[in-house]
1. Which is charged (D, E, K, R) and either buried (at least 22 other Cβ atoms within 10 Å of the Cβ) or at pLDDT 95 or above (or both), of A:Arg39, A:Arg83, A:Arg12, A:Arg8?
2. Taking segment A:371-393 on its own, how many of its residues are of a type in the set (A, V, I, L, M, F, W, C) and over 24 Å from the mean Cα position of the chain (by Cα)?
3. Within segment B:121-133, which residues are farther than 15 Å from B:Phe73 by Cβ and either at pLDDT below 90 or assigned to a helix (DSSP H, G or I) (or both)?
4. Identify, from the list A:Tyr481, A:Tyr506, the residue that is under 14 Å from A:Tyr521 (Cβ atoms), assigned to a helix (DSSP H, G or I), at pLDDT 85 or above and touching a helix residue (DSSP H, G or I) at 6+ places or on another chain (Cβ under 7 Å).
5. Given the residues A:Val723, A:Val664, A:Val642, A:Val680, which is the only one that is more than 17 Å from A:Lys626 (Cβ to Cβ), open to solvent by less than 60 Å² (accessible area, probe 1.4 Å), of a type in the set (Val, Ile, Thr) and out of contact with any helix residue (DSSP H, G or I) (no Cβ under 8 Å at 6 or more places or on another chain)?
6. Going by the conditions given, is A:Lys167 farther than 15 Å from A:Val190 by Cβ and open to solvent by 10 Å² or more (accessible area, probe 1.4 Å)?
7. Mind checking which residues of segment B:8-22 are without any contact (Cβ under 8 Å) to a residue 60 or more places away in the chain and surrounded by fewer than 18 Cβ atoms within 10 Å (Cβ to Cβ)?
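The values are calculated or read from the model by the stated rules, or taken from the named source; none is laboratory data. Nothing here was measured: the structure is a model prediction, and the numbers come from that model. Every residue, glycine as well, gets a Cβ built from its backbone with ideal geometry; the counts of neighbours run over all protein chains shown. For accessibility, only protein heavy atoms count, side chains too; no ligands or nucleic acids. Shrake-Rupley method; radii C 1.70, N 1.55, O 1.52, S 1.80 Å.
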Amino acid sequence: MPAPIRLRELIRTIRTARTQAEEREMIQKECAAIRSSFREEDNTYRCRNVAKLLYMHMLGYPAHFGQLECLKLIASQKFTDKRIGYLGAMLLLDERQDVHLLMTNCIKNDLNHSTQYVQGLALCTLGCMGSSEMCRDLAGEVEKLLKTSNSYLRKKAALCAVHVIRKVPELMEMFLPATKNLLSEKNHGVLHTSVVLLTEMCERSPDMLTHFRKLVPQLVRILKNLIMSGYSPEHDVSGISDPFLQVRILRLLRILGKSDDDSSEAMNDILAQVATNTETSKNVGNAILFPLLQTDHNAVQRHRSTIVDCLKDLDVSIKRRAMELSFALVNGNNIRGMMKELLYFLDSCDPEFKADCASGVFLAAEKYAPSKRWHIDTIMRVLTTAGSYVRDDSVPNLIQLITNSVEMHAYTVQRLYKALLDDISQQPLVQVASWCIGEYGDLLVSGQCEEEEPIQVKDEVLDVLEGLLVSNLSTPVTRGYSLTAIMKLSTRFSSVNRIKKVVSIYGSSIDVELQQRAVEYNALFKKYDHMRYELRWCSTHSLLTGGRTRSHLNETGLVANLGLHSLTFMYLQLCANDLLDLLGGHDVGPVIQTALPTKPASAGGELLDLLGDLSLSGMPSMNGLKIEFTFERSNPNPNISVITIHASNTTEADMTDFVFQAAVPKTFQLQLLSPSSNVVPALNQGNITQVIRVLNPQKQQLRMRIKLTYTYKGAPVQDLAEVNNFPPQSWQ
Amino acid sequence: MIKAILIFNNHGKPRLIRFYQYFAEDLQQQIIRETFHLVSKRDDNVCNFLEGGSLIGGSDYKLIYRHYATLYFVFCVDSSESELGILDLIQVNIIQTHVFVETLDKCFENVCELDLIFHMDKVHYILQEVVMGGMVLETNMNEIVGQVELQNRMEKSEGGLSAAPARAVSAVKNMNLPEIPRNINIGDINIKVPSLSPF
């Protein structure tokens, strides 16, 4: 059989292949040759064949039939064989295959070999793919090599130990004695891997951590030597002496120094020194600086200027870290300076940073603002420079902030208005500005802010807001804000007619959201004009501070803008009683005392015989109107009470356009069916009946607020009353 | 921890692949392809790292790469450490790639892609002295080069990988071949002659 071709031959041949198919053919041919060669148990050429196999494996072809051959190579006496054999084992085998266990004995022997490179090979293989069983068997050997004076072996043993600990954590104790004088090594490779080993042990066990705390002075000394010693060509990278080792030591110091004052003390000086000496204009410098900063925040403050300079670095990743660090560093003392830098950064940074930077600025400003005025100015600056990148949720937060700084309202609204005049393209700015103008429009024209000139003409303000409505730059959300703002101004300015006109135009807008608002505002003008003034107050206070209830009220997602819009909507639908409570202000009728007559009630066939008949004879006549309640329990759902009201009129005139409305607390649900008619005839000649179904799943005390409106002798009449004394049987 | 080290050329052909965590063969090839796609799309002036592709573990891993002429050197590292810790990891690994390449350069005397192609095993051996079990072993270039040299010498004394019979080797060595010039200088053209070892 001719000698198998050399690796280089194979590579050359494969490179001549012009198509994937050709390559595959060549490889298959060669694989067949290799297989037959393996069958012949040829020791001379085995290494060559395995090398070729590894090459083919790299190209993606199956090579598993070479696994056993690798083992044979490892067992060979020749260094060449062992070298390629171990490489093959690392590339082709893993602990999933049982075959790998056969290596254990070979590795054990090789760990004790006379040639250090063979020992090195064994350590390398064990440290890369040793399974837990192998590690358990061979940990003792590794531990022995950890104590050797041969630095080549010692560094490999250290990393191998790390692998063993990861695979079999219980064995960690075993390596403890060997670590005693690891740090007294001069060889940087050993130091480096030793620090890695110590770090791994400290991270895994708090006991180890405490034990190794005493190493802090030693680590500090090593670090000092690294910095102080002159130029060392061997370890120099871009002018810094062995940055890898410095980084590793800093990380270990960080872990050791955590929540331990003594250690931190010892470290402080050296950390400061490292930071000062490290030139940060290069990647390497920054690599060292960052773990440093994690370690000690005080040291960090000293390097604020460095970090701020990093904001101007060209590398995108450095800019991002510098930005994050800057925000972490901001405190009450340096807020003004830092903010200046950060705002400058915001102006000039890439768009990908603007959103995060803006949010960071808002947060920092909220926490540390030295004065309200500064705060507002900062917000304004962000909105005007990076307005389109500000996050959507910032808008309601900002509005809340502005609301809370009461004394700044006039100043804020003036500035926002001026900003609007300049530029209406940045939506968050426009939204906040419209909201403020709507709320504080009166301050805008009244001239309460001494510094700014009052806007002379109210129409100008309305012009601006209307301009927003028609502009192509405004998003639908913004249009919603401006329409609402215009509406709010109807109570602050006197040009109500103009506002009415605008609102009615948008009643036929294509945008459904806008149309809905406009229709409701129109309704507000027509039917509930008296409410307009009250709603003004509600919008500002109760709903913004209402908290959780907002979520079920909120249909549009514009939390801060709920005010007028949804309130109207709800009022018209009478869903939540809470709001009626808030509105207050109107006459509430006397709470009705009810007796419980045993009048036989109507209808049935249902559970009446069990409950008896219940009725509530309504209120004493309010201006001659009497309301009677009767109750039934509905089948099949026992949680539903069916209440029928009977309205009768003892006066001499009819009550026309009679509307009965009722509201119940949140835990109930109410359904009003159609009334029998809307005229209550005079002199008890007839009555109106209307059925109310109440769902009471929580079996709570039923309460109801009712409102009656009707026309009596040509004049509209309205009555409110609260009914609290429903008999328990009606709702239990 | 380094999860994988990949070297491939501008067309995605692998020149060296080393995984420090188990992946099935076909998955390994898929990862190479995926990594190539991610890395080759990048402009040369953007920063040298990005999140790992979904096959290799997604955002838990970062790919740190450098583009040298026709080759991409990619380190895939574990980024489960804290945010601040990542940056030094990245920077250190960028430097490490640089160190690795410089070491290759020293070992092969002005390394080029052909060297990597034809000496795949040697490149693995060099890498073994730099990274072990996914962790950085040695960062001193001279140390690495020295150790590799010594091991290569041991191999040579045994007859090397080709395991050609010793007699033939010495016969070739005793032939009087003219000295092969390392560099051919003609006017202002400078041709570098690749150094192929005798086997």
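1. Selected residue: A:Arg83, the only one of A:Arg39, A:Arg83, A:Arg12, A:Arg8 that is charged (D, E, K, R) and either buried (at least 22 other Cβ atoms within 10 Å of the Cβ) or at pLDDT 95 or above (or both).
2. 3
3. Of everything in segment B:121-133, those that are farther than 15 Å from B:Phe73 by Cβ and either at pLDDT below 90 or assigned to a helix (DSSP H, G or I) (or both) turn out to be B:Asp121, B:Lys122, B:Tyr125, B:Gln128, B:Glu129.
4. The unique qualifying residue is A:Tyr481.
5. Result: A:Val642 is the single residue among A:Val723, A:Val664, A:Val642, A:Val680 that is more than 17 Å from A:Lys626 (Cβ to Cβ), open to solvent by less than 60 Å² (accessible area, probe 1.4 Å), of a type in the set (Val, Ile, Thr) and out of contact with any helix residue (DSSP H, G or I) (no Cβ under 8 Å at 6 or more places or on another chain).
6. When the stated conditions are applied, A:Lys167 passes them.
7. If the condition is that a residue be without any contact (Cβ under 8 Å) to a residue 60 or more places away in the chain and surrounded by fewer than 18 Cβ atoms within 10 Å (Cβ to Cβ), then B:His11, B:Gly12, B:Lys13, B:Tyr22 are the ones that fit.
Conditions (1) within 29 Å of B:Ile117 (Cβ to Cβ); (2) within 14 Å of another protein chain (Cβ to nearest Cβ), marked per residue:
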position: A:Arg15; (1), (2): yes, yes
position: A:Gln20; (1), (2): yes, yes
position: A:Ser36; (1), (2): yes, no
position: A:Glu41; (1), (2): no, no
position: A:Met56; (1), (2): yes, yes
position: A:Gln77; (1), (2): no, yes
position: A:Ala89; (1), (2): yes, yes
position: A:Gln97; (1), (2): no, yes
